[in-house]
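Visitor: Below are the structure tokens for one structure; questions will follow.
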Amino acid sequence: MLFLHPAVQKAAGEVHFFDRDENYARGLDWYRRRMPHSFRGQLTIEKSPSYFVTPEVPERIRAMNASVKLLLIVREPVTRAISDYTQLRSHAATIATIPSQSYQQLLPHKTFEQLAILPDGSVNAAYRPLALSLYHTFMHRWLEVFPRQQMLVVNGDRLIEDPVSQLERIETFLGLEHRIGRHNFYFNRTKGFYCLRNETTDKCLRESKGRRHPRVDPKVVATLRRFYAEHNQKFYDLVGEDLGWPEE
């Protein structure tokens, strides 16, 4: 979405420099070669979602550039966990052997409910898609390394529902002129979210985005939301902002 802005250049795909030791060992010259060409006055951006949850990343980023601006996009925790499960299940159905623990623990025949709730009825907080939604446990590390004013927390659910209002906040945070507007978006009813449009082309997110989530037992959703309520409040307190996520 930010690449719609004429003053922004973006790296292709996910760079995974700061979170993968084998890439980080290649040094900053390797990282720079992953970046696009840009003109003076343009911003260069990259995204790798696993940066947020990898312990070494904040210090590594600060060592490169202590004044970098950081965008954190977070969705309502239960929705994020179900989305994660949906993606993992899709991979499990198509790939026979995957060495990652997070994939191994997801057997195709197991439902989200079976993985998220233990036999005694308690929440399986060790299940990786649930653990990754405990945002405050990761945010602590970042705030020990970077001042809060260098990070913008973006409500991912609002970004999906009304991208322009969120992009205006991001443009302001990045010191950019407001150039992205409603003319840059159209709603795709098949996918259920907004697609991008500029002067030359229309673009929707790739097929892996917008997968239909499985129906999850409302009682399980309510149980999980009650579980996350305390953790969400800790996150709100850390970032100084209430994102208004449901508590049951």
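The values are calculated or read from the model by the stated rules, or taken from the named source; none is laboratory data. Small disclaimer: the values here were computed from a predicted structure and weren't measured. Neighbour counts run over all protein chains shown; Cβ positions are idealised from the backbone, glycine included.
Visitor: Return yes when residue 62 is within 27 Å of residue 171 (Cα to Cα) and part of a helix (DSSP H, G or I) and no when it is not.
Guide: It is true that residue 62 is within 27 Å of residue 171 (Cα to Cα) and part of a helix (DSSP H, G or I).
Residue-by-condition table, conditions (1) surrounded by 12 or more Cβ atoms within 10 Å (Cβ to Cβ); (2) of a type in the set (D, E, K, R); (3) at pLDDT 95 or above; (4) over 18 Å from the mean Cα position of the chain (by Cα):
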| site | (1), (2), (3), (4) |
| --- | --- |
| 166 | yes, no, yes, no |
| 169 | yes, yes, yes, no |
| 190 | no, no, no, yes |
| 224 | yes, no, yes, yes |
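Visitor: Moving on to the next point. Report, ordered by the first and then the second residue, all pairs with beta carbons closer than 9 Å, sequence separation of six or more or different chains, a first member in the stretch 35-46 that is in a loop (DSSP other than H, G, I, E, B), and a second member that is small (Gly, Ala, Ser) and surrounded by fewer than 14 Cβ atoms within 10 Å (Cβ to Cβ).
Guide: Here the result reads 36/12, each pair linking the stretch 35-46 to a residue that is small (Gly, Ala, Ser) and surrounded by fewer than 14 Cβ atoms within 10 Å (Cβ to Cβ).
Visitor: Looking at the stretch 125-155 only, could you name the residues that are exposed (fewer than 15 other Cβ atoms within 10 Å of the Cβ), in a loop (DSSP other than H, G, I, E, B) and without any contact (Cβ under 8 Å) to a residue 60 or more places away in the chain?
Guide: 126, 147
Visitor: Right, here's the next one. When you scan the stretch 1-34, how many residues do you find that are in a helix (DSSP H, G or I) and more than 18 Å from the chain's Cα centre (by Cα)?
Guide: 13
Visitor: Hey, any hits in the stretch 44-55 for a residue that's over 21 Å from residue 143 (Cα atoms), out of contact with any helix residue (DSSP H, G or I) (no Cβ under 6 Å at 6 or more places or on another chain) and hydroxyl-bearing (Ser, Thr, Tyr)?
Guide: Yes, the stretch 44-55 contains at least one residue that is over 21 Å from residue 143 (Cα atoms), out of contact with any helix residue (DSSP H, G or I) (no Cβ under 6 Å at 6 or more places or on another chain) and hydroxyl-bearing (Ser, Thr, Tyr).
Visitor: Let me spell it out: the conditions are (1) surrounded by 16 or more Cβ atoms within 10 Å (Cβ to Cβ); (2) modelled with pLDDT under 95, and residue 10 meets all of them except one. Which number is the exception?
Guide: (2)
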